[in-house]
Amino acid sequence: MAASQLIRGVPANVITGFLGVGKTTAIRHLLESKPADERWAVLVNEFGEVGVDGALFEPEQEGNIYIREVPGGCMCCAAGLPMQVALNQLLAKARPHRLIIEPTGLGHPREVLAALSDAVRGGVLDLRGTLTLVDARCIEDDRYLRSETFRQQLEVADLVVANKSDLYGPEDLQNLQRFLSFLGEGAEKPLQVVEQGRIELDWLQLPCSFQVSSGSDHHHPVTQAADEVELLPECGYLRSENSGEGYYSCGWRFSPEFIFDYDALFSLFSGTDAERIKGVFITEQGVFGFNKADKVLTVLELDDTLESRVEAINQARLDWDAMESSWIAALADNQGTETKVFYESK
């Protein structure tokens, strides 16, 4: 590649935060606000195996917005190989003016930042401020306070963004500010307060305080390569499970020939006990994204999707067989005559 074609100094931001805090919504807002003459790339990592978040963004716009997913857990696993492959392919295709990286809410942001070290040292990326989204209501929840991942997300933040502020009680924000004052090296973390993920573009220009290093001691088993997509079996759907960091996930992929009943899906998402569940479905009323966190369900109409997908995450393993039967029963016109279980457990 000629020197004039080299990719150099791409501004890159990591946007992190725990499960259900609204990272995808925030990035959607940024994409809607980006300068019209810029190409942006988004690298999305998910804890689950099937990958749903990419479909919840607006469709890729050739020459404008490019999206790549790394499913299957922390993207820094196996010495960063899945992340490096996906990152290199995304940069080569998009040649972006800005890169946004969204790690899984159960990932390790310090190790993700370390995995970017080679690209930073080589001049390919210009690492800018890390934004950590947090729901201030979680500060009184022991599940979050005991989580090393949650604490690390706040520690690496160059800016803490208190999202969903419209839902806060009178002391929630004060509790978050008090908690942040005990983090770091004596300096309180800068804090912005927003509703519905309305991050400002200017915040992406903040400097990054992370010290680029030569490597990481963090390892996971090798998972499916970023560009490998397993073919669906004859039954038309595939189930994949994952576990780690004290959580379990189960995801399903469905053939695009499967048409779902919108009302049945809405009822299923509304009634599920999963701590986090999100999906994109082809229905008789069109293509819709379903996203449930904090017992609040949001539905987004989408332009298109290659196939229907859904992922559930919970601290206890749920009855995945029963959930699978419910998805099949939600098919329009009784398409789901077979309920064989085809799945992989990670």
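The values are calculated or read from the model by the stated rules, or taken from the named source; none is laboratory data. Since we're looking at a predicted model, the values are computed, not measured. Cβ atoms come from the backbone with ideal geometry, glycine included; neighbour counts cover every protein chain shown. For accessibility, only protein heavy atoms count, side chains too; no ligands or nucleic acids. Shrake-Rupley method; radii C 1.70, N 1.55, O 1.52, S 1.80 Å.
What is the set of long-range amide H partners of Ile67 at a cut-off below 5 Å, with H atoms built 1.01 Å from backbone N?
Those lying under 5 Å, H to H, from Ile67 are Val42.
Compare Tyr248, Tyr168 by solvent-accessible area with a 1.4 Å probe and give them largest first, with all protein chains kept in place.
Output order, biggest surface exposure first: Tyr248, Tyr168.
Could you compute the net charge surrounding Leu268? Neighbours are other residues with a C-beta less than 14 Å from the C-beta of Leu268; K and R count +1, D and E count -1.
Local charge sum for Leu268: -4.
Under 5 Å between amide hydrogens, which residues at least 5 positions from Leu302 or on another chain qualify, with H placed 1.01 Å from N in the peptide plane?
For Leu302, whose amide H was placed from the backbone, the distant partners under 5 Å are Val287, Phe288, Gly289.
Be a star and scan region 91-133 for residues whose amide nitrogen sits under 11 Å from the point 7 Å along the Cα-to-Cβ vector of Glu38.
Under cut-off, by backbone N: 97-100.
Mind scanning Lys189/Lys278; Lys23/Lys278; Lys164/Lys292; Lys189/Lys295; Lys34/Lys292 and naming the pairs with a C-alpha gap bigger than 19 Å?
Correct reply: Lys189/Lys278; Lys189/Lys295; Lys34/Lys292.
Specify the inter-centroid distance of region 279-331 and region 93-167, based on alpha-carbon positions, in whole Å.
Using only Cα atoms to place each centre, the spacing works out to 26 Å.
Spin-label point model (7 Å from Cα, Cβ direction): what's the Asn64 to Asp303 distance in nm?
About 0.6 nm, to one decimal.
Quick one: how many Å² of Asp263 are accessible to a 1.4 Å probe, rounded to 10?
Rounded to the nearest 10, that gives 90 Å².
Where the accessible area of region 132-209 is counted over protein heavy atoms with a 1.4 Å probe, how much of it, in %, is carbon and sulfur? Write down the numbers at each step before the final one.
Numbers: 1800 of 4090 Å².
Reported share for carbon and sulfur atoms: 44 percent.
What is the Cα radius of gyration of region 103-163 over 2.2 N^0.38 Å, N being its residue count? Show your work: numbers first, answer last.
Working: Rg = 13.2 Å, N = 61, 2.2 N^0.38 = 10.5 Å.
Relative to the 2.2 N^0.38 Å estimate, region 103-163 comes out at 1.26.
Where does the charge balance sit around Pro96 when Lys and Arg score +1, Asp and Glu -1, over other residues with C-beta under 10 Å from its C-beta?
That works out to +3.
Tell me, what HN-Hα J-couplings in whole Hz come from the Karplus equation 6.51 cos²θ - 1.76 cosθ + 1.60 at θ = phi - 60° for each residue of region 146-151, using x for Gly and Pro?
After applying 6.51 cos²θ - 1.76 cosθ + 1.60, I find 8, 7, 5, 5, 4, 5 Hz.
Show the residues, 5+ positions off or on another chain, whose built amide H is closer than 5 Å to the amide H of Leu206.
Gly129
Would you mind computing, in nm to one decimal, how far apart the modelled labels at Ala92 and Glu257 are, each placed 7 Å from Cα along Cα→Cβ?
For Ala92 paired with Glu257, the spin-label model returns 3.4 nm.
Using 7 Å Cα-to-Cβ label points, what is the Gln315/Arg198 separation (nm, one decimal)?
So the label points at Gln315 and Arg198 sit 3.2 nm apart.
Test of understanding: what is the full-extension gain from Ser325 to Val287, defined as 0.36 nm times their sequence separation minus their Cα-Cα distance?
That pair, Ser325 and Val287, stretches by 11.6 nm at full extension.
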